[in-house]
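Notes for the one structure printed next.
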Amino acid sequence: YRAIARQALQYDLSPFDPRAGVVQKIRTPATILREGRATCLDLAVLVAAACLENDLLSIIVALEGHALVGVSLGRTRRAPGRAPKALAWDRGLLDDLEVLQELLGAEYLLIEGTGLVRSPSLSADYPAGQAREAGGTFSFERACVAGAEQVIQALAPDASVDGKRRRFLYALDIHDLQ
């Protein structure tokens, strides 16, 4: 976390892609570091890739309009063991918010990736925009609290949006998908 934070990245919107049907183009880690900017999804992918490189198992959590990364607290790539709630995952995909909430803290540490970047403009309506340090970033500890808060507060996919919480879409197990 600190190694990426030292890169002094800026929060940015997704780059434009004129192809029909492309919702969001994801920058590669090399592009992120070269350009010095990233979206929440770019950062989730960057941190997940760094986790894999360091023998850590990771997940990416997609919320409506936002993405987070989670790191396994007990399993590694070399010793993956049987995943808790393994039957809830379908080929690397989890779409049950209650299962993810059960795994939070016991199996996964969720990280608000935008805490890595200077981002004074994120809405204070959501944990990603709250309690930022003077430079617009989060400490690792605050990034973990903000990540957990968003999943705890998340709405089920079929719930009505209330303006202060996001809908949970899915979680992806990066090791399984790789």
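The values are calculated or read from the model by the stated rules, or taken from the named source; none is laboratory data. Just so it is clear, the model here is predicted, and its values are computed rather than measured. In this analysis, Cβ positions are derived from the backbone assuming ideal geometry, glycine residues included, and neighbour counts consider all displayed protein chains. Heavy atoms of the whole protein, side chains included, go into the accessibility calculation; ligands, DNA and RNA do not. Shrake-Rupley method; radii C 1.70, N 1.55, O 1.52, S 1.80 Å.
Annotations for the structure displayed:
- Qualifying residues in region 89-109 (those that are under 12 Å from L172 (Cα atoms) and not acidic (D, E)) - the one surrounded by the fewest Cβ atoms within 10 Å (Cβ to Cβ): R91
- Close Cβ contacts (under 7 Å, 6 or more residues apart or on different chains) running from residues in region 34-49 that are among the small types (G, A, S) to residues that are part of a helix (DSSP H, G or I) and open to solvent by 20 Å² or more (accessible area, probe 1.4 Å) comprise A48/I174; A49/P29.
- Within region 159-172, being over 16 Å from Q101 (Cβ atoms) and part of a strand (DSSP E or B) holds for one residue alone: L172.
- Listed conditions (1) open to solvent by 70 Å² or more (accessible area, probe 1.4 Å); (2) touching a helix residue (DSSP H, G or I) at 6+ places or on another chain (Cβ under 7 Å) are all met by P80, apart from (1).
- Among the residues of region 110-162, the one identified as open to solvent by less than 10 Å² (accessible area, probe 1.4 Å), at pLDDT below 80 and hydrophobic (A, V, I, L, M, F, W, C) is A128.
- Any hit, region 137-158, residues being closer than 16 Å to D173 by Cβ and either small (G, A, S) or assigned to a helix (DSSP H, G or I) (or both): yes
- Single unsatisfied condition, V23 versus (1) among the β-branched types (V, I, T); (2) at pLDDT 95 or above; (3) more than 13 Å from L172 (Cα to Cα): (2)
- In the condition set (1) modelled with pLDDT of 95 or more; (2) more than 16 Å from A154 (Cβ to Cβ), R91 is compliant with all but (1).
- Hits in region 49-73 - residues which are open to solvent by 40 Å² or more (accessible area, probe 1.4 Å), outside any loop (DSSP other than H, G, I, E, B) and under 30 Å from G163 (Cβ atoms): none
- As a summary of the residue check, R118 satisfies the conditions (1) without any contact (Cβ under 8 Å) to a residue 40 or more places away in the chain; (2) of a type in the set (K, R); (3) touching a Ser or Thr at 6+ places or on another chain (Cβ under 8 Å) except for the one numbered (1).
- Long-range neighbours under 9 Å by Cβ, at least six apart or interchain, first residue under 18 Å from G147 (Cα atoms) within region 68-96, second part of a loop (DSSP other than H, G, I, E, B) and of a type in the set (K, R): L94/K85; D96/K85
- Against the conditions (1) assigned to a strand (DSSP E or B); (2) within 22 Å of P157 (Cβ to Cβ), E102 satisfies every one except (1).
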